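Quick notes on the structure that follows.
The values are calculated or read from the model by the stated rules, or taken from the named source; none is laboratory data. Every value quoted in this text rests on a predicted model; they were computed, and no experiment measured them. Cβ placement follows ideal geometry from the backbone for every residue including glycine, while neighbour counts extend to all protein chains displayed.
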Amino acid sequence: MYEGLVGLFIIGGAVWFICAYLAYVTAGKKRRRPLTWGILGIFFGPLAFAAVYVMPPGDMPAHHQQEAAHDHGAAGHDHGAATHDHEASSHDPSHGQTQAQADNYEVPHKHKH
């Protein structure tokens with residue numbers, strides 16, 4: 001009687017983890033954080049994969065995208081400046097903004113009373 005339910009549970013679990021893996025891979029391609037989306041995929045399965053699939057590409061710079069694809073679960077992993085081998089000139093001062101976004105930003109001025 002329960003043999004069909006056990007098989008369905010196993011197949012459902014396999015599909016769930018396949019969706020978690022697809023969320024991980026798709027997040028990297030969409031310039032999102034793959035590890036975060038992989039974990040969300042474990043908890044939410046097909047919903048996380050569908051969410052990251054329909055989202056527009058993120059603004060994660062290419063050098064951070066490569067770092068996010070590495071395994072960050074290692075003990076003692078430090079994100080300090082000493083561990084990065086990037087040159088200072090490789091960092092984008094606009095923090096991923098497009099020129100149109102930068103043009104729309106107005107610096108607040110102090111009001112004199």
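Of the residues making up region 3-60, just one is crowded, with 17+ Cβ neighbours inside 10 Å and modelled with pLDDT under 90, namely Met60. Within the set His79, His72, His64, the sole residue that is within 30 Å of Thr98 (Cα to Cα), in a helix (DSSP H, G or I), at pLDDT below 95 and under 17 Å from the mean Cα position of the chain (by Cα) turns out to be His64.
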